[in-house]
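**Q** Dumping the structure here so I can ask a few things about it.
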Amino acid sequence: MSTTCNEIQIGQLHLWQERDEVIELVPEEFRLMLAPATHCLREWANYWAECAGADVLRVGGDRVKVSHGRFKVRFENQLGISQLQPYVGSQPLSEPLYVEVISPKFPTPSEHCAFYRRLLEDLFARAARIPFAASALTARGVTESLRPPSPLFVLDFLCCWGQMLRTALAAVLGQVAYFFAAGGGEISKVVVFTSAWPLVTVFVAAAWLGESLAWQKLLGTALVIGGLIVLTASGKPREES
């Protein structure tokens, strides 16, 4: 079977190249390394795709609109894996075609893999120190590093997810405190005390949000506090001799 061609058909997707450049199958020895890519496309080359009924072609993370019944696919300053998948609206029409974009400076898959391995090692080392993620039409997955995150990464993570972490921590600590209280005291009293949390809401709303303390709120607060005092003062029932 030939490893090169100038057009391919994957499901309903038809992809071709008008010039002399070919669409090459990923060689057997590089399929594991470049998986799930099955074909190699050239950077800076113009490719065309057709799919009956499709109005959008997903190229990596971007969407290319149909023009005169076909889609133009071109990768500029982008290397690595990408996927092509036709859509009509939000409905995919076929399985994605995974391709590996290689540079014309390294035209063979072996040269591309050697260059790309060195490039990724450098990029991953730099990306671990920056607090944001870059995206493009192409990508390449990585495994998690055992090295500790940089202080800048930790700062960005806490700024992005700090509120959710505080909420989760408060919920966990509240449940832990409840179970400790239930294990060391009478459950009838513990449940009543934990149900009195609206008192905190009333005073916090008045102190930080400027809400007024109407007499109805004050009366209800006094009744709740009085009930808690009576409940606390009541001793354990006497055991019958």
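**Q** Which whole-Hz couplings ³J(HN,Hα) result when phi for each residue of the stretch 95-108 is put into the Karplus expression 6.51 cos²θ - 1.76 cosθ + 1.60, θ = phi - 60°, listed in order with x for Gly and Pro?
**A** The phi angles translate into 5, x, 9, 8, 10, 10, 8, 10, 7, x, 6, 10, x, 9 Hz.
**Q** Can you work out ³J(HN,Hα) from phi for every residue in the stretch 51-62, in order, using Karplus 6.51 cos²θ - 1.76 cosθ + 1.60 and θ = phi - 60°, giving whole Hz and x for Gly and Pro?
**A** 7, 4, x, 7, 10, 9, 10, 7, 10, x, x, 9
**Q** Right, another one. In whole Hz, what ³J(HN,Hα) sequence does the stretch 207-222 give by Karplus (6.51, -1.76, 1.60; θ = phi - 60°), x for Gly and Pro?
**A** For the stretch 207-222, the Karplus curve yields 7, 9, 9, x, 6, 7, 9, 5, 5, 5, 5, 5, 5, x, 4, 4 Hz.
**Q** Here's another thing I want to ask about it. Could you tell me how many degrees, from 0 to 90 and to the nearest 10, lie between the Cα long axis of helix 151-184 and the main elongation axis, the longest principal axis, of the Cα atoms of the chain?
**A** Orientation of helix 151-184: about 40 degrees from the principal axis.
**Q** If you don't mind, there's one more thing I want to ask. Identify which of the listed values of P(r) over Cα pairs in 10 Å bins from 0, in percent was calculated from the structure shown: (i) 7, 28, 32, 20, 9, 4, 1, 0; (ii) 7, 32, 37, 19, 4, 0; (iii) 6, 20, 18, 13, 10, 10, 12, 8, 3, 0, 0.
**A** (iii)
**Q** Between residue 201 and residue 38, what is the spin-label point distance in nm, taking each point 7 Å from the Cα along the Cα→C-beta axis?
**A** With each label point 7 Å from Cα toward Cβ, the separation is 5.7 nm.
**Q** Between the helical axis of 109-127 and the dominant principal axis of the chain, each derived from Cα atoms, what acute angle in degrees is found, rounded to the nearest 10?
**A** 30
**Q** Using 0.36 nm times the number of residues separating residue 48 and residue 187, minus their current alpha carbon distance, what extension gain do you get?
**A** Details: separation 139, 0.36 × 139 = 50.04 nm, distance 7.13 nm.
Full-extension gain reported as 42.9 nm.
**Q** Still on this structure, I have one more. Mind listing the long-range amide H neighbours of residue 211? Cut-off is under 5 Å, sequence gap 5 or more, other chains count too, H placed in the peptide plane at 1.01 Å from N.
**A** Close amide H contacts, sequence-distant or interchain: 206.
**Q** Let me ask something else. Where does each of 80-92, 182-194 land if you order them by average Cβ count within 10 Å, highest first? Each step should come with its number before you reach the end.
**A** Details: 80-92: 17.3, 182-194: 12.2.
Packing proxy ranking, top to bottom: 80-92, 182-194.
**Q** What percent do you get for the relative contact order of the chain when only Cα pairs under 8 Å and 6+ apart count? List each step's numbers first, then the result.
**A** On the way: 284 pairs, mean separation 31.4, N = 241.
RCO, the chain: 13 percent.
**Q** Looking at the square roots a ≥ b ≥ c of the eigenvalues of the Cα gyration tensor of the stretch 4-127, which shape do they give, rounded for a/c under 1.5, prolate if a/b is larger than b/c, or oblate?
**A** The shape class here is prolate.
Read-outs throughout are calculated quantities, based only on the coordinates presented, and are distinct from any laboratory measurement. If you're wondering where the values come from, they're calculated on a predicted model, not measured in any experiment. So basically every Cβ, Gly included, is an ideal-geometry build from the backbone, and we count neighbours across all protein chains shown.
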